[in-house]
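Read through the structure below, which is laid out as structure tokens, and then see the notes.
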Amino acid sequence: MASSNPCIEKIFLNARTHSAWIDKPVTDETLRELYDALRWGPTSANASPARFVFIRSAKAKERLRPSLPPGNLEKTMKAPVTVIVAYDLQFHQKLPKLFPHNPTMRDLFVANPALVEVTARRNSSLQGAYLMLAARALGLDCGPMSGFDNAKLDEEFFGAGKDCEGCEQEFFPAGHVKSNFLCNLGYGDPSKLLPRGPRLEFNEACTMM
């Protein structure tokens, strides 16, 4: 694979999904820079429903353990950072700030709970993808995964009465936030990579009309 565009090379062609990590920490400054980049990716009505929990400490990782199956346990526990990519079911309460040119947009969601759910899930998925692209642009490697028990994780991290020891800001209100997927971040060990899987060709996945 080759491209004349170095950004395409770095973010797509040369980047791999990693499950093993070298012993190199991810700094707080890098995580802040990561978010400062991904937040500019587009979402419906600029709603920005994704919420991110950057899990770094051994104590916080232990809280993840019960929701992980055996196949995803070791790579997650050893990753420098595991991000819970979640979505806020009260995201529309911030629309007066985020979408000020249409002050009635919040009322549209208040009147339609089903629209809240589908909008939050779809757009938090988009924002999770932006997180991965920004991470790769910053030189980090990613290991996204959906193989975990969402209900257990949500109860542990977003349930009523759960504390947020070590959090840098007020934690999310109980019951408003649900997990979408996890993404391990760090500096991958290239010696542990499996052969790259194939992808569909243009004519197998695309059409022009």
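Based on what the data block shows, is LEU73 farther than 30 Å from PRO103 by Cβ, in contact (Cβ under 8 Å) with a residue 24 or more places away in the chain and either in a helix (DSSP H, G or I) or in contact with a Leu (Cβ under 9 Å, 6 or more places away or on another chain) (or both)? Answer is no for this residue.
Which residues, taken from segment 35-72, are crowded, with 16+ Cβ neighbours inside 10 Å and of a type in the set (Lys, Arg)? If the condition is that a residue be crowded, with 16+ Cβ neighbours inside 10 Å and of a type in the set (Lys, Arg), then ARG51, ARG56, LYS61 are the ones that fit. Report yes if some residue within segment 17-29 is within 18 Å of the chain's Cα centre (by Cα) and over 29 Å from GLY159 (Cα atoms); otherwise report no. Within segment 17-29 (the criterion being within 18 Å of the chain's Cα centre (by Cα) and over 29 Å from GLY159 (Cα atoms)), the answer is yes, since at least one residue qualifies. Of the residues examined, ARG122 is one that is out of contact with any Gly (no Cβ under 7 Å at 6 or more places or on another chain), in contact (Cβ under 8 Å) with a residue 24 or more places away in the chain and assigned to a helix (DSSP H, G or I). Reported count of residues in segment 99-119, each being surrounded by fewer than 16 Cβ atoms within 10 Å (Cβ to Cβ) and part of a helix (DSSP H, G or I), is 8.
Right, ARG32: free of Cβ contacts under 8 Å to residues at least 60 places away in the same chain, surrounded by fewer than 13 Cβ atoms within 10 Å (Cβ to Cβ) and more than 30 Å from THR104 (Cα to Cα) or not? So ARG32 fits the description; yes. When SER48, SER4 are checked against the criterion of being part of a loop (DSSP other than H, G, I, E, B) and in contact (Cβ under 8 Å) with a residue 40 or more places away in the chain, SER48 stands alone in meeting it.
Residues considered: ILE84, ILE11. Of these, the only one that is assigned to a helix (DSSP H, G or I) and surrounded by 12 or more Cβ atoms within 10 Å (Cβ to Cβ) is ILE11. Screening PRO70 with (1) more than 19 Å from LEU131 (Cβ to Cβ); (2) in contact with a strand residue (DSSP E or B) (Cβ under 7 Å, 6 or more places away or on another chain); (3) not β-branched (Val, Ile, Thr) gives one miss only, at (2).
Which of the numbered conditions does THR104 fail, given that it passes all the others? Conditions: (1) more than 17 Å from the chain's Cα centre (by Cα); (2) of a type in the set (S, T, N, Q); (3) closer than 17 Å to GLN127 by Cα. Going through (1) more than 17 Å from the chain's Cα centre (by Cα); (2) of a type in the set (S, T, N, Q); (3) closer than 17 Å to GLN127 by Cα one by one, THR104 breaks only (3). Just one residue in the set ALA37, ALA20, ALA60 is among the aliphatic types (A, V, I, L, M), in contact (Cβ under 8 Å) with a residue 24 or more places away in the chain and within 13 Å of THR82 (Cβ to Cβ); that residue is ALA60.
Taking every residue in segment 95-109 that is on the phi < 0 side of the Ramachandran plot and pairing it with any residue that is aromatic (Phe, Trp, Tyr) and surrounded by 14 or more Cβ atoms within 10 Å (Cβ to Cβ), at least 6 positions away or on another chain, the pairs with Cβ-Cβ distances below 9 Å are LEU95/PHE109; LEU98/PHE91; MET105/PHE99; ARG106/PHE99; PHE109/PHE91. Against the numbered list (1) under 24 Å from LEU34 (Cβ atoms); (2) over 19 Å from the mean Cα position of the chain (by Cα); (3) among the acidic types (Asp, Glu), ASP88 comes up short only at (2). Considered as a group, the residues in segment 154-170 that are hydrophobic (A, V, I, L, M, F, W, C) and over 21 Å from VAL116 (Cβ atoms) include one that is modelled with the highest pLDDT, and that residue is CYS167. The set of residues in segment 170-209 being touching an Asp or Glu at 6+ places or on another chain (Cβ under 8 Å) and part of a strand (DSSP E or B) consists of VAL177, LYS178, SER179, LEU185, GLY186, GLY188.
The values are calculated or read from the model by the stated rules, or taken from the named source; none is laboratory data. Model, not experiment: these values are computed from the prediction. Neighbour counts run over all protein chains shown; Cβ positions are idealised from the backbone, glycine included.
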